[in-house]
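In what follows, a single structure is set out as structure tokens and then discussed.
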Ligand SMILES: Nc1ncnc2c1ncn2[C@@H]1O[C@H](COP(=O)(O)OP(=O)(O)OP(=O)(O)O)[C@@H](O)[C@H]1O
Ligand SMILES: [Mg+2]
């Protein structure tokens with residue numbers, strides 16, 4: 001099992017606010033980590049640190065290939081839906097293909113094989129019929145499926161999803177997490193969700209993120225411990241899931 005990334009003693013935030021303090025986390029190739037925590041706890045900020053969109057004030061984020069340390073790795077990212085610009089005039093198929101952007105340049109020409117791959121992914125998610133629609137015409141759930149296709153089209157080593165089930169109905173949510181479980185055979189996954197009831201059936205470990213926190217390595221935690229992190233523990237407990245806890249930092 002290879003190591004993908006290591007976050008070491010990272011503190012990060014925005015101009016006027018430190019959001020994450022002293023975070024430690026290791027992500028390996030076969031991981032499927034669910035991240036839970038209260039609104040404003042820093043979950044999205046943590047994903048942005050991993051993506052390199054926010055530079056930590058302190059600490060390091062290192063990526064690995066074998067024993068080599070790299071400055072980056074291939075990451076597929078499904079942003080939280082309210083951060084997606086729906087006004088941008090672009091068709092579904094082109095959104096999916098834009099996931100190949102780094103290789104092809106933004107409005108680059110795509111090969112027949114790449115278009116076929118995009119269509120296969122849309123088919124797999126049950127939305128091939130939408131391929132020519134403008135993204136402004138889609139429902140929230142449809143848009144999320146389109147962005148999942150975009151996130152995985154380049155076969156990334158790590159897939160990160162920020163609250164992917166906010167807009168989807170129960171049936172699709174089950175299909176969606178089933179799809180993620182399949183994808184986890186090919187890539188590591190980090191998924192942020194408020195719906196702990198659903199994710200606890202699928203993920204392998206759970207990390208709880210709540211602002212000033214630090215990593216407590218591979219811990220099986222009790223309900224009492226989790227309660228202090230402000231997480232909806234009563235739902236977690238029905239799944240037989242080992243929990244990885246990012247513990248509140250006590251000064
Ligand atoms: N671009 C930004 N500029 C300044 N502050 C920000 C920015 N984005 C987030 N914050 C602040 O950082 C804190 C953590 O936000 P973050 O979005 O990481 O939380 P979250 O756990 O993802 O919350 P949610 O469950 O609501 O998505 C919040 O207090 C938020 O106001
Ligand atoms: Mg968020």
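The table below lists the values:
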| read-out | value |
| --- | --- |
| Among 59-70, 118-129, the order from most to least packed when residues are scored by Cβ within 10 Å on average | 118-129, 59-70 |
| Length-normalised contact order of region 84-155 in % [C-alpha pairs under 8 Å, at least 6 apart] | 50 |
| Segments 152-165, 174-187 sorted - mean Cβ within 10 Å per residue, highest first | 152-165, 174-187 |
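Every number here is computed from the coordinates shown, using simple stated rules; none is lab data. Please read these numbers as outputs of a predicted model, since none were measured by experiment. A quick note on method: Cβ atoms are made from the backbone with ideal geometry, for glycine too, and the neighbour counts reach across all protein chains shown.
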